[in-house]
Amino acid sequence: MGDNLKERTAKGLFWGVVNNGTTQVLNILIGIFLGRLLSPEDYGIVGVLTIFTVIAGNLQSSGFTQGLVNLKKPTARDYNSVFWFNVLASITIYIVLFLAAPLIARFFHEPRLVAVSRFVFLGFFISSFGIAHNAYMLKNMMNRQIAIAGLVALVISGITGIVMALNGWAYWSLACQQIIYITILNIGRYCYVPWRPQLKIDFGPVRQMFSFSVNILLTNIINTLSQHLLTFIFGRLFTIKDVGNYSQANNWNSKANMFVSGTIGQVAQPVLVEASADQERQLRVFRKLLRFTAFLSFPVMFGLTLVGREFILLTIGEKWIYSIPLLQILCIGGAFMPFYTLYQNLSISMHRSDIYLWCNLVQIVLQITIVLLFSHFGMKVMVVVYTLFLILWLSVWQWFARHLIGLRFRHALLDVLPFFIIAAGTMILTWLLTHWISNNILLLISRVIIAAGIYFIILKIVHATILEECIAFLRKKVGK
């Protein structure tokens, strides 16, 4: 049983890396084309709407995706109940947001938001038809199928967005890209999932899951506020162009940290739920996931901090130069975001959605307070304060992990700190070796190659177990 779980976890992580790695490479290519074709104002117009669309999506799914995954053996009746709840809830929410569009435009002092928001909000209504199917795929760890469906949706939507931008559609190309992505993704889910919704509407399973899922719902909303807090505040305090620069920086930061967060998120909850009957086993599984997260996250995010300037200038141009320092600051905090994913999945797998809720609720209240206290110092200082708080707040999650599975702070540090030190040292050494290079293309290539080589060599020298296991698994896959 243990070997079976270990094998499925390894496969899940492998396909998670393939999925998120390929997805982020494509996202980078699409982002480069759109970044060169569109202006900061275009990104700002769509960027300020993100918080509304994601919160609406949270309300629509109401935490029932996690509720279904957390069930030992969900039935067709469970999936059907969640499906119809999502669809009916999304209709109601869309009507409310449609009517609220003028108020949103007035809040951000941008009249164009009325039409754009009403169109963009269609995305979460369309996604409601695929939430139950997505839960089915996550529960059954269909990570290869998730990868394929996501990649097809990304390619089609990305090409559409680029073609529209080339033809002068400006911010509408970003809006249409979102809608097409969700539509194609749902089609892919229906192709892979054998379950089909029935016309019979029965909210019995939803009521049974409600006490657990409502905490997930509230927490997801709080998480959304936390992740998009600065965009919302900046949209009120600064110009749309300033918001666009921040949105571009946050966009690249999110692409990078989601490579790791998405990989971990696809396997963490199902694996931790399966191991929950044995606390010692669950602790071993969690610590291994903790090490894998550190192994990936620190070099990826610190690496983007190192090459952020050259990357932005070479890919999307000097018009985005003001986004560079924001990107570099955000990437430092972004290195710690995947750990949030892991700790949050631990609390959910232990049926402690109350911890998930209250820990995030206190976090967002403190974040808003601290950020606003520093608002008169300008955007850059607000981003620094926000980043420092994110890093420090992880200690609160660790405190709860200590009480849930007995993970001591000392052991967590032993799992994470070596990768932090090696990754940070690698980037400092790489900078020292390359800072004299004046050509941006040569500088970017040199830093990527040198940093990757140094990181790999150091891990081999210290005989890092997680690296050896990854190499062994890849050899096994290639040998098949």
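At-a-glance table
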{"quantity": "Sequence of W397, W436, W431 from largest to smallest accessible area, 1.4 Å probe", "calculated": "W436, W431, W397"}
{"quantity": "Charge dipole of the chain about the Cα centre (unit charges at C-beta), most positive-ward option of S254, F98, V87", "calculated": "V87"}
{"quantity": "Charge dipole of the chain about the Cα centre (unit charges at C-beta), most positive-ward option of V25, F234, A464", "calculated": "A464"}
{"quantity": "Cβ-based net charge around A401, under 13 Å, with every Lys or Arg adding one and every Asp or Glu removing one", "calculated": "+4"}
{"quantity": "Relative contact order [Cα under 8 Å, 6+ residues apart], the chain, whole percent", "calculated": "20 percent"}
{"quantity": "Segment 70-107: chymotrypsin sites (Phe, Trp or Tyr not before Pro) in DSSP coil with no more than 11 other Cβ atoms inside 10 Å", "calculated": "none"}
{"quantity": "Dipole of the chain, positive end: most advanced residue of L38, N143, F302 [Cβ charges, Cα centre]", "calculated": "N143"}
{"quantity": "Filter on K319/K380; K288/K460; K288/K380; K255/K319; K73/K200 - keep pairs with C-alpha separation over 24 Å", "calculated": "K288/K380"}
{"quantity": "Total charge dipole magnitude, the chain, about the Cα centre, Cβ charges on Lys, Arg, Asp, Glu only, Debye to nearest 20", "calculated": "840 debye"}
{"quantity": "Span-like helix ranges in the chain, DSSP H, alpha carbon extent 20 angstrom or more, Kyte mean at least 0.0", "calculated": "2-37, 76-107, 143-166, 171-192, 204-227, 279-315, 353-373, 379-405, 409-434, 440-461, 465-479"}
{"quantity": "Debye log10 I(q)/I(0) for the chain, one point scatterer per Cα, at q = 0.06 Å⁻¹", "calculated": "-0.26"}
{"quantity": "Environment charge at H435 (Cβ cut-off 13 Å; Lys +1, Arg +1, Asp -1, Glu -1)", "calculated": "+1"}
{"quantity": "Among 309-315, 87-93, the order from most to least packed when residues are scored by Cβ within 10 Å on average", "calculated": "309-315, 87-93"}
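The values are calculated or read from the model by the stated rules, or taken from the named source; none is laboratory data. Computed from a predicted model, the values in this text were never measured in an experiment. We place every Cβ from the backbone using ideal geometry, glycine too, and count neighbours over all the protein chains shown. Quick note on the areas: whole protein, heavy atoms, side chains included, nothing else; ligands and nucleic acids left out. Shrake-Rupley method; radii C 1.70, N 1.55, O 1.52, S 1.80 Å.
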